[in-house]
Each structure stands twice: as structure tokens, then as C-alpha cells.
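Down below is the structure, laid out as C-alpha cells.
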Amino acid sequence: MYRHLEHRLAQHVRDFLRRTYNLDLPRIVIEQPPKVEFGEYALPLAFELAKKLRKAPRKIAEEVVAKIGPIEGFEKMEVAGAGYINARVKREEVAAAIASDAKPKSEIPSGKILVEHSSINPNKAAHIGHLRNAVLGDTFVRLLQFAGRDVDVQNYIDNTGVQVADVVVGFLHLEKKSRAEIEQLARGLRFDYYCWDLYARVSQWYEQDKQNLQARAQTLHAIEEGNNETAAIADLISTTVLHRHLETMDRLDIEYDFLPRESEILRLHFWDAAFTKLKDGGVLFYETEGKNKGCWVMRRAGTSKPETTGTAEADAESVEQSQVAEEDQKVIVRSNGTVGYVGKDIAYHLWKFGLLGRDFGYRKFYLYPNGHQCWISSTNGEPDHPHFGDVAEIYNVIDTRQAEAQNTVIEALRGLGYHQQADHYTHFSYEMVALTPRCAAELGYQLSEEDKNKAYIEVSGRKGFGVKADDLIDTLIVSAKKEVDARHAQLSESERSAIATQIAVGALRYFMLKYTKPSVIAFDFNEALSFEGETGPYCQYAVVRATNIFRKGGMNPERFGRDVAPDVSMNDFEKHLNDEDANELWELWLAASKTSYMVDQCIATTEPAYLAKHAFQLAQLFNYFYHRHPILTEPDESRRKFLLATAAVVRRELIRALGVMGITVPPVM
């Protein structure tokens, strides 16, 4: 509702400027006043128009307010300060619309959106850093779906890369295991944990003698070549670990639609088709001298292209000279003929946009408990499958260290003339996750005195230092259950376990979301699980409190919100939103009306943290309201019904906002 009124105000002002001043402003800036008593919207419009109209801002503001006329849903407009225009809504009308959960029609952009996230190397257990990626990606999917968009969720699997090769090396060269023995291990419940330790041991083995790296090169070549024993072992390992990754993410209610694998990009000759396109389009050129001699290279993203002179011969010479500058080159195909990661990624993204002329085979891979089917790429697929790829927009959730690789793919698209696709390719970047020293110590790591005084401790998969995702989830559940056991001993064991899981998952997801993406996260158990402060449990507890009001009153909150709240008369809304407590109560109603507005902001900025902040602030306002107003004992029936409507609306919007973040609310806490 807040977003709808903002759009209506902006359009009315835009039309007024055309009629009155013959000015066309495509964007009308609308802000929020510092206090709700000043109004709901503030327009700095007059300051922008001062130079154009050659008038003082306040004079322009006065003219606008005097001549703009009535706007549906708005009570009036006022001039403030040196030229701000404050707009006040009709509180009673807006409150009635909020209570009835009115959803104004809005135009939803067409075209499917592809969100790629997680993309964990299938060589060992998922860790805490992967959880930030997955939670960010899954929440962004939910934001888009809430906004009515059609979304494909993909998880790219690099099953032929160095990391998988290193684990294969560990099994074959360190442990001397046969394929049958590895298959036996793969049937174990913690195969991904076994690979975690083995991966760290292989890294140490390489450090002991650099000659051991030859085993990696040989293994990697065999995996890429395919149709051999080494490749079969690599497939066994990566497929088993991948299955475990999906089980881990399912614990956090994170699902995928399709798992494209690098092996099929190679086997189905995606790169061959892309290579031809890139050469024919002049994006790639063959280097004949210097350190990149024998490589196929392209211009590095962010480097300037030579200026054209107007003659084809001179321009060709200029391009040729620019290609020789080594500092501007990005190697795509090495001199030994192997394709780098970025090359395969270019081919993959051409497929994403439906520009490659090839497709994967598809087969069913993982069935979620709710019946949702996840598909995986294959060379020989099943005939009946959903249509993947050929999308309008792409969001890649990949950490900030991959910025250059992402920009290279975008530049390749532009070089091929696909400018529209490049404009709709977004690198959804984020920073790393570390541990607080206290958290690291709680997990059993031995810390030096220097480490104990650090702000955070970095994790390293190669060194085996880090937090496995399942261990983190298990630890959070155990901690939450201690609190639930103490508070609700009368409940059954299964009920308490279910509640503890909801609290733990809510705590983890909220912690990963409340920090803006450029922030390094230092994870801490105590902070994440706290029932106070900016945490998931704090927001969940506000909903539980609201639910308890209706439970004690013998009412169903969903039914009340649907059947009773809309029956609060307009006179009652007007009376109670203009009495001595009006501003405090109206601030709560206004905050509850902003869920869709915040979703739009999160999508526009690719920053889910704004929704986390909104949920926390709404929970804060509700808790203040809860302590100030004894709702069920209110003697005035009209006011009691209005206060109940307030609690029902806030409860509904908190559940809605938390749901978009993938957080459910337990019955008790």
C-alpha cells in the first residue's frame, strides 16, 4: 500500500509539472519525513526546479501546493522549511485498506529470471561461507517470487575442476583405494566430511613436494577427457557429495530447479560452439608472441579499446597493436589447448540467454520432501522435462573475488553484440564469512593469543579450518533446544525439537541477511541466537507475542484479520488514528504497510539486508506497542477492536516479511 500511494503521488506530480510548467521529469524523488507527524512523504522537488524556473524553492513549493489539486488517498500537501513539500495521506482510508490486505494492481515485467547461487565445488562438505551465498541467493529468489516474477533457480556444479581432481588424487595416491572401496565409503552418511579431511591432507601433500602436483595435472586431464576409470571415480565422488549438499541446504528450506554441470558443457561441446562464435566475432584472438604466446586471449574487462581513425586499414592495425599489450589480455584458452574457467563460463552464459544454439540433456536427480523435482544436466536426458535457459535476466550470486571473471563474461557478450543481455546480467557479489574468536574456540579450534585478540578468524577449506554447514546447524539447534526445554518442558520431545529447529534456522538465516553484502561477517553463536537485539529469534518472538494475544482472547488471528479487522468502521479508524496516541500507533500501521515497498527496494538494489532491517524495526515497534497497550483488558470495545486489528496487521506483515527471508515462526518460544 505504501508503494502504491508513492507511485500515485509521483504520477500526479509528474502530470502537474507537464501541465503547469511544460516540464517532463521522468523521475520524481520522494523521501520519508524524519517524523511521522510531518506526513508520510516528502518531496525535495522545488530545489530541483529552482534553476529551471528561476524562482526560490519555497516559492515553487507554495505554487505546487496551491495548484496541484486533490490526490486520491491524500489529505493534503504542506510546505516545510526552505521548500520541502510534505504529503499527508488520509490515515483512516489507508488503514482500512491495510487491514483488508488490499493489493492494488501493478504491472509485472515479463520474462523469466535466472538466479544462480550456491555453486559449491562438489569435493567436500559445505561450509559456513557457502551458507551466506545460499541464503542470499534463496532470499533473492523469494523476493522476486513475492514480486510476481517467474524465476529459475540454478546451482552450477564444477565437477571437472581442480578441487574435485584433488580429492581423486587423495583417494588414488594417498589412500591407494580402488573404485569399489570408494563406492563403499560413498554409502556412508558422512562421505562429504571424509572428503573434507582428505582434501586438506592432499593440500599438505602438495606442499611437501611440488613434484606431487604432477598427479593433479594428470588427474585433471583424465577427468576432462572422460570415458576412463579416473573420470568415473571423479563422477562418483562429485555426485555423492552433491547429493549431500542438497540435503544440507534442504535443512534451511533452500531448493534448486536445475543443476548444470561442467562435465556436460565439455561433453556436449558447448565450448566448441562458443569458441567459434568468439573467434568469428573478433572477441578472441590468437597470441603469437610474449608470455601468452600460443594462447587464445580477449581484451581484459575494464581496459580501454583503441580509438578508431575512420579507415578500415588503420583501424585493423590499431586493433592488432592493442592485442599485443599483455597487460590488457585475459587468457581464455591456454597454449596447451585447455579451456580456462572463464571460457566455459562464457559458453554457459550464452546458453542461459538462449544464444548458443545447443541444450543440455536433463534427468531427474533429487526429489524434495514437498514434491519439488530438481533436475541435473546429462548427455542423454529424459524426454519430458521443464524448459530451462533462454531467460531475460540473470543474477549470479558469487563472492566479490570473482568480479573480474564475471566482468569478462559480460564483456564477451558485449563483444558479440549482445548488449541487451549484457545489460541484464548482474553479478550479485558479497564478502566472506569468518568466525569470532569465541565462536572458533567453541567449535574446538586452538587459538593463539594473537588470534584471540582478532576481530575475526578467517576460514580455509584447504587447511581444513572452518565450520561445516551441518555442524553449524546442529550446534544452533542444540543451543536453541536447551532454551526451549527450559521454557516448555510440558511439550513432547518432537514438538520441542521442531521448535528448536525453527529458531535455529531463523537465527542462522537472519544473521546471514542482516549485514549488507559488502560487509565481512564474523559469525557468533550467542549473537545469532539471542532473543534480544537484531536477531531472527527477536523477530519470531514478536509474532509469537501477537499470536498469544489472540490465543488468550479465544480468537484465531488469521480469521480475525480476514473477517473482523475489515469491519472496524472508518469512523473508528479516524477516531483512533487522531487521538493522543495517534502518531505512535500510525507509525506502526505505516511500517506494516511497507513490506512490498521494501521488497521492491531489495530487488532494485540487490540488497536483502533492507528487508531484514524492516522486519526488525517492525518487531521493535510492535513490542513497544505490546507493552504500552493492555489490549484484551481495554474497556472501550471500539478501541479494543482497533488495537486487535493493529496486532493482527503487524503479525500478518511480520510473518510475510520473515517468510520472504525463508524464516518460519514456531507456535511458542
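The values are calculated or read from the model by the stated rules, or taken from the named source; none is laboratory data. In this text, all values refer to a predicted model and were calculated from it rather than measured experimentally. Positions of Cβ are backbone-derived with ideal geometry, glycine not excepted, and every protein chain shown enters the neighbour counts.
With respect to Ala504, determine if the residue is under 30 Å from Thr633 (Cβ atoms), touching a helix residue (DSSP H, G or I) at 6+ places or on another chain (Cβ under 6 Å) and at pLDDT 95 or above.
It is false that Ala504 is under 30 Å from Thr633 (Cβ atoms), touching a helix residue (DSSP H, G or I) at 6+ places or on another chain (Cβ under 6 Å) and at pLDDT 95 or above.
Enumerate the pairs (first residue in segment 620-631 and in the same structural domain as Tyr541 (by TED's automatic domain parsing) and on the phi > 0 side of the Ramachandran plot; second residue anywhere and assigned to a loop (DSSP other than H, G, I, E, B) and basic (Lys, Arg)) with beta-carbon separation below 6 Å, excluding pairs fewer than 6 apart on the same chain, so at least 6 apart or on different chains.
Listed by first residue and then by second, the contacts come to nothing, as the list is empty.
Exactly one condition in (1) aliphatic (A, V, I, L, M); (2) more than 29 Å from Ala102 (Cβ to Cβ); (3) under 35 Å from the mean Cα position of the chain (by Cα) is not met by Ala50; state its number.
It fails just one condition, (3).
Each row is one residue, and each column tells you yes or no for (1) of a type in the set (D, E, K, R); (2) surrounded by fewer than 19 Cβ atoms within 10 Å (Cβ to Cβ); (3) closer than 22 Å to Phe511 by Cα; (4) at pLDDT below 90.
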| site | (1), (2), (3), (4) |
| --- | --- |
| Glu411 | yes, no, no, no |
| Arg414 | yes, yes, no, no |
| Ser429 | no, yes, yes, no |
| Gly466 | no, no, yes, yes |
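Yes or no: Pro26 over 14 Å from Ala87 (Cα atoms), without any contact (Cβ under 8 Å) to a residue 40 or more places away in the chain and crowded, with 16+ Cβ neighbours inside 10 Å?
No.
Is it the case that segment 372-393 has a residue that's without any contact (Cβ under 8 Å) to a residue 12 or more places away in the chain, over 20 Å from the mean Cα position of the chain (by Cα) and either farther than 30 Å from His243 by Cβ or assigned by TED's automatic domain parsing to the domain that holds Asp470 (or both)?
No: segment 372-393 contains no residue that is without any contact (Cβ under 8 Å) to a residue 12 or more places away in the chain, over 20 Å from the mean Cα position of the chain (by Cα) and either farther than 30 Å from His243 by Cβ or assigned by TED's automatic domain parsing to the domain that holds Asp470 (or both).
Which condition from (1) in contact (Cβ under 8 Å) with a residue 12 or more places away in the chain; (2) not in a helix (DSSP H, G or I) is the one that Val94 breaks?
(2)
Against the definition (buried (at least 19 other Cβ atoms within 10 Å of the Cβ) and acidic (Asp, Glu)), how does Glu31 come out, yes or no?
no
Could you please let me know if Ile120 is touching a residue at least 40 places away in the same chain (Cβ under 8 Å) and farther than 30 Å from Asp257 by Cβ?
The answer is no for Ile120.
Would you please name the residue that is surrounded by the most Cβ atoms within 10 Å (Cβ to Cβ), looking only at residues in segment 484-524 that are touching a residue at least 24 places away in the same chain (Cβ under 8 Å), farther than 17 Å from His130 by Cβ and of a type in the set (Lys, Arg)?
Of everything passing the filter in segment 484-524, Lys514 is surrounded by the most Cβ atoms within 10 Å (Cβ to Cβ).
Per-residue answers, yes or no, for (1) assigned by TED's automatic domain parsing to the domain that holds Thr20; (2) more than 33 Å from the chain's Cα centre (by Cα); (3) within 30 Å of Val391 (Cα to Cα):
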{"position": "Glu40", "(1), (2), (3)": "yes, no, no"}
{"position": "Leu45", "(1), (2), (3)": "yes, yes, no"}
{"position": "Arg54", "(1), (2), (3)": "yes, yes, no"}
{"position": "Met77", "(1), (2), (3)": "yes, yes, no"}
{"position": "Ala97", "(1), (2), (3)": "no, no, no"}
{"position": "Asp101", "(1), (2), (3)": "no, no, no"}
{"position": "Ile108", "(1), (2), (3)": "no, no, yes"}
{"position": "Lys112", "(1), (2), (3)": "no, no, yes"}
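Kindly provide the set of residues from segment 474-523 that are under 30 Å from Asn453 (Cβ atoms), more than 26 Å from the chain's Cα centre (by Cα) and among the aliphatic types (A, V, I, L, M), ordered by number.
Val478
Inspect all residues belonging to segment 220-237 and state whether any of them is of a type outside the set (A, V, I, L, M, F, W, C), modelled with pLDDT under 95 and closer than 21 Å to Gly129 by Cα.
Within segment 220-237 (the criterion being of a type outside the set (A, V, I, L, M, F, W, C), modelled with pLDDT under 95 and closer than 21 Å to Gly129 by Cα), the answer is no, since none of the residues qualifies.
Write out, first by first residue and then by second, each pair whose Cβ atoms fall under 8 Å of each other, whose residues are 6+ apart or on separate chains, and whose first residue, in segment 435-449, is within 15 Å of Phe511 (Cβ to Cβ) while the second is at pLDDT below 80 and part of a loop (DSSP other than H, G, I, E, B).
Leu435/Leu443; Leu435/Val459
What single numbered condition from (1) without any contact (Cβ under 8 Å) to a residue 40 or more places away in the chain; (2) over 25 Å from Asp24 (Cα atoms); (3) in a loop (DSSP other than H, G, I, E, B); (4) not hydroxyl-bearing (Ser, Thr, Tyr) fails to hold for Asp101?
Among (1) without any contact (Cβ under 8 Å) to a residue 40 or more places away in the chain; (2) over 25 Å from Asp24 (Cα atoms); (3) in a loop (DSSP other than H, G, I, E, B); (4) not hydroxyl-bearing (Ser, Thr, Tyr), the lone unmet condition for Asp101 is (1).
Test of understanding: among Arg639, Arg656, Arg651, which residue is within 20 Å of Leu143 (Cα to Cα) and surrounded by fewer than 22 Cβ atoms within 10 Å (Cβ to Cβ)?
Testing whether each residue is within 20 Å of Leu143 (Cα to Cα) and surrounded by fewer than 22 Cβ atoms within 10 Å (Cβ to Cβ) leaves just Arg656.
Checking the conditions here, which among Ala582, Ala604, Ala546, Ala591 is at pLDDT 85 or above, over 30 Å from Glu483 (Cα atoms) and more than 27 Å from the chain's Cα centre (by Cα)?
Ala582
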